[in-house]
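All remarks here apply to the structure that follows.
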Amino acid sequence: MNNNMLQLNPMIPIVRVSDGLEGYAFLVIDYSQEHNLLFTCAMDNGEIWTLNNKQIRFCKNISMDRKQVILDGTSEHP
């Protein structure tokens, strides 16, 4: 089994889908193609969580023309 762990530098700003809480992903764990990626995130309330890629989204970033983040699982493409 091939396990990979990667420290993110810089950290990636994220939003947790379940409650909209923002934070920063600082570590990625990849167990293989049969599993979701796991992101270890420091949330803005001080908690640290390991969340799979279905549980987080990038934060909005107007510089990258990402003006809103859709948290309900649907996707809208311009």
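The values are calculated or read from the model by the stated rules, or taken from the named source; none is laboratory data. All values reported here derive from a predicted model rather than from experimental measurement. As a convention, Cβ positions derive from the backbone with ideal geometry for all residues, glycine included, and neighbour counts pool all protein chains shown.
Side notes on the structure shown:
- Look at (1) touching a Pro at 6+ places or on another chain (Cβ under 8 Å); (2) modelled with pLDDT of 95 or more and you find that Phe26 fails only one, number (1).
- Residue match in the stretch 36-55 (condition: assigned to a loop (DSSP other than H, G, I, E, B), among the acidic types (Asp, Glu) and modelled with pLDDT under 95): no
- Take the conditions (1) over 13 Å from the mean Cα position of the chain (by Cα); (2) outside any strand (DSSP E or B); (3) at pLDDT 90 or above; Leu6 misses just one of them, which is (2).
- Restricting attention to the stretch 56-70, the residues that are under 19 Å from Ala25 (Cβ atoms), in a loop (DSSP other than H, G, I, E, B) and modelled with pLDDT of 70 or more add up to 2.
- For the stretch 27-59, filtering for residues that are within 17 Å of Pro10 (Cβ to Cβ), out of contact with any Gly (no Cβ under 6 Å at 6 or more places or on another chain) and surrounded by fewer than 16 Cβ atoms within 10 Å (Cβ to Cβ) leaves 2.
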